[in-house]
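Trainee: First, the structure itself, so that you have it in front of you.
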Amino acid sequence: MREGTGARARQCGRWLIRALALGVLSSSLPPFAGAQAAPPAPRGPHPRLFLSPPTLAALKKNSHQAKSWAAAAVERCRDVAQNPDRYKQSGYQGADWSVAASSCGLAFQITRDPKMAAAGLKLWRALLEDVDTIGDKKACAPGSPPENATHAIWRDTGYAIRFIGPHAALAYDWLHDAPGADEALRKQSRGCFAAWLGWYDKDGYLRTTPGANYHAGYVLAKALIAVATAGEDPAGDRAFSETVDELFGKQIIGQGLAGASGSVGQPAGALVGGDWPEGWQYGPLSVLEYGMAARALEENGAPLPAMHRWADDVVVRALHGLAPTGDRAYVGGDTGIETYSLPRNPSTLQVGLLGPASERAAAWASFAIGKNPPHKEASPALEALAEARTPTPQDYRVGAPPTWFVARGTRNVYARSDWKDGAAWAVFTSAPRLVPDHQHPDATNFVFSRGADDLIVDTSPYGVRSTLTSNALTVDSANVGGDYRPSQTPWSEAELRWARATKSGIVAARGDFHGAYRVQETPSDIPFAQRDWVFLPEGEIVTVDRVDTGSPNRKLYLRFRTPAHLTMAADRKTAAGTFGKSKVAIHIVALSGGTPALRVPAVRDCEGVPFGSCNRSRARIDEYAVELPGPVASAVHVIDGIKHEDAPADVKVERPNGLLGVTVKRAGLTPVTVMTSGQSSARTPSTFTYPVDSGAATRHIVYDAPEDDHGRSTVKASARGGQCLIEIAAGGAFVGHPLIFSVAPAGAGCTVAEDPDAPAARP
């Protein structure tokens, strides 16, 4: 398994994501039905890439506005022409030459100035022939050994193709008929392109893995090269059909978007829902590459309707992935940034303008991005293309949009109390292994914020392969040995079984991680392992964790990480601290064993320690941790995210009739009871009965309730000795997974009312 380095992560974080401006899946997944055979390859005149007459007219108009990206592209090329010494070096994997070459190509199309063309031709040739310095001839230069042809894009197992390939194709297309461009240079380019794609087709890293950033860079390179060169070389025609049929038809749509029409708990490709399995340090650039590639193919006769829905999903997920104040975002994978979450990156939304998104999604993206002033680390040409699409900006938050979103591919559940700056916000995940790199082994992990304050955080170091650096559960497994112990494995078959939200703002999910201890072809030896997770819009998270470890000698490892400095209460029932303007309180409701401890993990990477037992952090945090002995381990916790001045909730463990749950009360709020079967197995009890205090209305979230084959239950309540007795049986009108309902006080007859579903956000 290939993992990145912290140094590379930081470099990517500061440069690569902005440089363009902008899975491993089971073979049993049904292919997405939207794939279509490739049409004839394009034969039209140049330019073919993105510069339709309306787009070019908009670019020319924008170029006269001093602070536009079109003007920045012209200015960048003018700088290349006037200060060539600044562009002698290729920059990171050819990125400096790449961005400047496409800027000059666009500048020529806007101005028709031969000086712009001459500057672009010099860089176009450098992208083909040179590696480090203009004129070094270490790559695909006339007379060079054949093995040199791939030297420019071979770096880092082909990572450089995501810069050199697309921008060289844009230069080829936009400068195709410019003064000074001759057939010799075009023929040389086509030969180099064929060598690059031929090598990556055979040996490029993750070339068949949708959801991997390497794959995304390769897809964009091949798509743009194919469109630019089709009809002028048989290799271009072949690349066009392969891109449409193989890269999109079989891989991105057939695998990455497989199962898109299903529901939570059913198999889904990594891309379903617009999330990125490697996380959102790598996601912004990668979704841009897929989106631009799809747009280039569609504008040249290859319809890809499945990519329209995907692009809209990317925009909607990005909006839900922003913390309440909108200045930071969910990480969801590797990052080298030493903060609790990622800074907001406008590039994440650029697919709404540069990709095949609908006008509505483009309007949301345009509003959220806002005015993005030119800066030297962006690609002016591609930013200018985004700027040329001018939907009327619309604020997604207007009109009471849904407050939750499910990305079925990554099994991420996004929840918030509302769209105000002070909202409660959380993300829960329970994914199987989807991609080889940058995805952490952290099924049942979650993060939680209140307004501007991150309260429960995942500060896993870059390249981590440990579950112990997150808020996920893990278990000792006899399958897992050596350096992998005791973490979930790279062959995990964990799953998000349930996710449901209701009109009252409750979001409930179930993470099943018993399959997270599969090792290669050896099935997991953990019989049962689940986290039932509830988000309460008033600012609480409830977790009910149940595991059959399979042996008294195997433990369940549980931890919550927070930036707050935690202090344990004298009765050892609460660990609490403050951060920013908020208070976080971890209520220890019930433990089957073990003694909770408060720790301050080391702030460093996981080098030098067995990677499966690493418990370090990339940023300073406090950790609440407990190790529960097997074979049957269970834990119930409630986490408050509240104002400094607010009193924590009152919590009470519930154990009626062998059930396990908790009642949460906060002053002035309707109490909530979360109940499960209490069994460390997948068996559902035939009867489900429990009492609740009847002095006030109550809300209920019930997992494992008796149900019929359609997942339906009957819920009744009756007054008994000052309480309401809840009785649940299989069959009826109430929707399960889990059941969510309210019960009136005894004085009002203990009347039961189902809390109706709240639809998840969709484009």
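The values are calculated or read from the model by the stated rules, or taken from the named source; none is laboratory data. What you see is a predicted model; the values in this text were computed from it and never measured. Neighbour counts are summed over all protein chains in view; Cβ atoms, including those assigned to glycine, are modelled from backbone coordinates with ideal geometry. Accessible surface is based on the protein model in full, side chains and every heavy atom, while ligands, DNA and RNA are left aside. Shrake-Rupley method; radii C 1.70, N 1.55, O 1.52, S 1.80 Å.
Trainee: So VAL316 passes all but one of these: (1) of a type outside the set (Asp, Glu); (2) open to solvent by 10 Å² or more (accessible area, probe 1.4 Å); (3) in a helix (DSSP H, G or I); (4) in contact with a strand residue (DSSP E or B) (Cβ under 8 Å, 6 or more places away or on another chain). Which condition number does it fail?
Mentor: (2)
Trainee: Among what's in region 152-162 and is of a type outside the set (S, T, N, Q) and assigned to a helix (DSSP H, G or I), pick the residue that is surrounded by the most Cβ atoms within 10 Å (Cβ to Cβ).
Mentor: The residue in question is ILE153.
Trainee: Continuing with this model, one more query. Kindly establish whether PRO324 is over 17 Å from the mean Cα position of the chain (by Cα) and crowded, with 24+ Cβ neighbours inside 10 Å.
Mentor: Spelling it out, it is not the case that PRO324 is over 17 Å from the mean Cα position of the chain (by Cα) and crowded, with 24+ Cβ neighbours inside 10 Å.
Trainee: Return the residue satisfying two criteria in turn: it lies in region 556-595 and is among the polar types (S, T, N, Q), over 27 Å from the mean Cα position of the chain (by Cα) and more than 26 Å from SER477 (Cβ to Cβ), and of such residues it is surrounded by the most Cβ atoms within 10 Å (Cβ to Cβ).
Mentor: If we take residues in region 556-595 being among the polar types (S, T, N, Q), over 27 Å from the mean Cα position of the chain (by Cα) and more than 26 Å from SER477 (Cβ to Cβ), then THR574 is surrounded by the most Cβ atoms within 10 Å (Cβ to Cβ).
Trainee: Looking at GLU645, GLU607, which is the one that is open to solvent by 50 Å² or more (accessible area, probe 1.4 Å), under 16 Å from THR578 (Cα atoms), outside any strand (DSSP E or B) and not basic (Lys, Arg)?
Mentor: GLU645
Trainee: While we're here: Taking GLU298 as meeting all but one of (1) under 23 Å from PRO402 (Cβ atoms); (2) surrounded by fewer than 24 Cβ atoms within 10 Å (Cβ to Cβ), write down the number of the exception.
Mentor: GLU298 satisfies all of (1) under 23 Å from PRO402 (Cβ atoms); (2) surrounded by fewer than 24 Cβ atoms within 10 Å (Cβ to Cβ) except (1).
Trainee: Taking the condition of being among the basic types (Lys, Arg) and outside any helix (DSSP H, G or I), how many residues in region 220-254 meet it?
Mentor: Qualifying residue count for the region: 0.
Let's see how each residue does on (1) under 14 Å from the mean Cα position of the chain (by Cα); (2) crowded, with 24+ Cβ neighbours inside 10 Å:
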position: GLY198; (1), (2): no, no
position: ALA212; (1), (2): yes, yes
position: VAL219; (1), (2): no, yes
position: LEU224; (1), (2): no, yes
position: PRO284; (1), (2): yes, yes
position: TYR290; (1), (2): no, yes
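Trainee: Working only within region 702-718, note down all residues that are among the small types (Gly, Ala, Ser) and surrounded by fewer than 16 Cβ atoms within 10 Å (Cβ to Cβ).
Mentor: Correct list: GLY711, SER718.
Trainee: Also, I was wondering about something else. How about region 672-701: which of its residues are modelled with pLDDT of 85 or more and open to solvent by 20 Å² or more (accessible area, probe 1.4 Å)?
Mentor: Hits for region 672-701 are GLY678, THR689, PRO691, ASP693, ALA696, ALA697, ARG699.
Trainee: May I ask you to list the residues in region 648-670 that are in a loop (DSSP other than H, G, I, E, B) and either open to solvent by less than 20 Å² (accessible area, probe 1.4 Å) or farther than 29 Å from GLY580 by Cα (or both)?
Mentor: Scanning region 648-670 gives ALA649, ARG655, LEU659.
Trainee: To continue, here is another question. Looking at SER504, SER477, SER487, SER551 in this structure, which one is in a loop (DSSP other than H, G, I, E, B) and within 19 Å of MET675 (Cβ to Cβ)?
Mentor: Testing whether each residue is in a loop (DSSP other than H, G, I, E, B) and within 19 Å of MET675 (Cβ to Cβ) leaves just SER504.
Trainee: Same structure again: Assigned to a loop (DSSP other than H, G, I, E, B) and under 30 Å from GLY321 (Cβ atoms): does that describe PRO706?
Mentor: No; evaluated as a whole, the condition is false for this residue.
Trainee: May I pose another question? Are any residues in region 459-500 basic (Lys, Arg) and touching a Cys at 6+ places or on another chain (Cβ under 6 Å), and if so, which ones?
Mentor: Passing the criteria: none in range.
Trainee: What pairs can you find where one residue is in region 131-149 and in a loop (DSSP other than H, G, I, E, B), the other is open to solvent by 90 Å² or more (accessible area, probe 1.4 Å), and their Cβ atoms are less than 6 Å apart, with a gap of 6+ or different chains?
Mentor: VAL131/LYS138; ILE134/LYS88
Trainee: If you don't mind, another one. I'm trying to understand the selection: among the residues of region 490-505, which are crowded, with 24+ Cβ neighbours inside 10 Å and out of contact with any helix residue (DSSP H, G or I) (no Cβ under 6 Å at 6 or more places or on another chain)?
Mentor: LEU496, ALA499, ARG500, ALA501
Trainee: Of the residues that sit in region 722-763 and are closer than 12 Å to VAL692 by Cβ, of a type in the set (Gly, Ala, Ser) and part of a loop (DSSP other than H, G, I, E, B), which one is least open to solvent (accessible area, probe 1.4 Å)?
Mentor: ALA744
Trainee: Okay, next question. Scan region 37-62 and report the pairs whose first residue is on the phi < 0 side of the Ramachandran plot and assigned to a loop (DSSP other than H, G, I, E, B) and whose second residue is among the charged types (D, E, K, R) and open to solvent by less than 40 Å² (accessible area, probe 1.4 Å), with Cβ atoms within less than 7 Å and a gap of 6+ or a chain change.
Mentor: PRO42/ARG48; HIS46/ASP173; PRO47/ASP173; ARG48/ASP173; LEU49/ASP173
Trainee: Is there a residue in region 264-275 that is modelled with pLDDT of 95 or more, in a helix (DSSP H, G or I) and either touching a Lys or Arg at 6+ places or on another chain (Cβ under 8 Å) or of a type in the set (Asp, Glu) (or both)?
Mentor: No: zero hits.
Trainee: Anything in region 362-372 that is under 17 Å from ALA384 (Cβ atoms), among the small types (Gly, Ala, Ser) and either open to solvent by less than 30 Å² (accessible area, probe 1.4 Å) or in a helix (DSSP H, G or I) (or both)? List them, or say none.
Mentor: The answer is ALA362, ALA365, SER366.
Trainee: Conditions first: (1) open to solvent by less than 40 Å² (accessible area, probe 1.4 Å); (2) farther than 25 Å from ALA107 by Cβ; (3) under 28 Å from the mean Cα position of the chain (by Cα). ALA149 passes all but one, so which condition is the exception?
Mentor: (3)
Trainee: Same structure, new question: Report yes if some residue within region 324-337 is closer than 26 Å to GLY505 by Cα and not in a loop (DSSP other than H, G, I, E, B); otherwise report no.
Mentor: Within region 324-337, one or more residues are closer than 26 Å to GLY505 by Cα and not in a loop (DSSP other than H, G, I, E, B).
Trainee: Taking region 342-361 on its own, how many of its residues are open to solvent by 20 Å² or more (accessible area, probe 1.4 Å) and out of contact with any helix residue (DSSP H, G or I) (no Cβ under 8 Å at 6 or more places or on another chain)?
Mentor: Matching residues across region 342-361 total 3.
Trainee: Right, here's the next one. Contact list please: Cβ distance under 7 Å, first residue in region 701-714 and within 22 Å of ALA529 (Cβ to Cβ), second residue of a type in the set (A, V, I, L, M) and part of a loop (DSSP other than H, G, I, E, B), pairs at least six apart or on different chains.
Mentor: ILE701/ILE506
Trainee: Scan region 102-112 and give yes if some residue there is more than 27 Å from GLY370 (Cα to Cα) and open to solvent by less than 50 Å² (accessible area, probe 1.4 Å), otherwise no.
Mentor: Yes; the residues of region 102-112 include at least one that is more than 27 Å from GLY370 (Cα to Cα) and open to solvent by less than 50 Å² (accessible area, probe 1.4 Å).
Trainee: Which one is least open to solvent (accessible area, probe 1.4 Å), of the residues in region 412-446 that are hydroxyl-bearing (Ser, Thr, Tyr), closer than 22 Å to VAL316 by Cα and in a loop (DSSP other than H, G, I, E, B)?
Mentor: Filtering region 412-446 for residues that are hydroxyl-bearing (Ser, Thr, Tyr), closer than 22 Å to VAL316 by Cα and in a loop (DSSP other than H, G, I, E, B), the one least open to solvent (accessible area, probe 1.4 Å) comes out as SER430.
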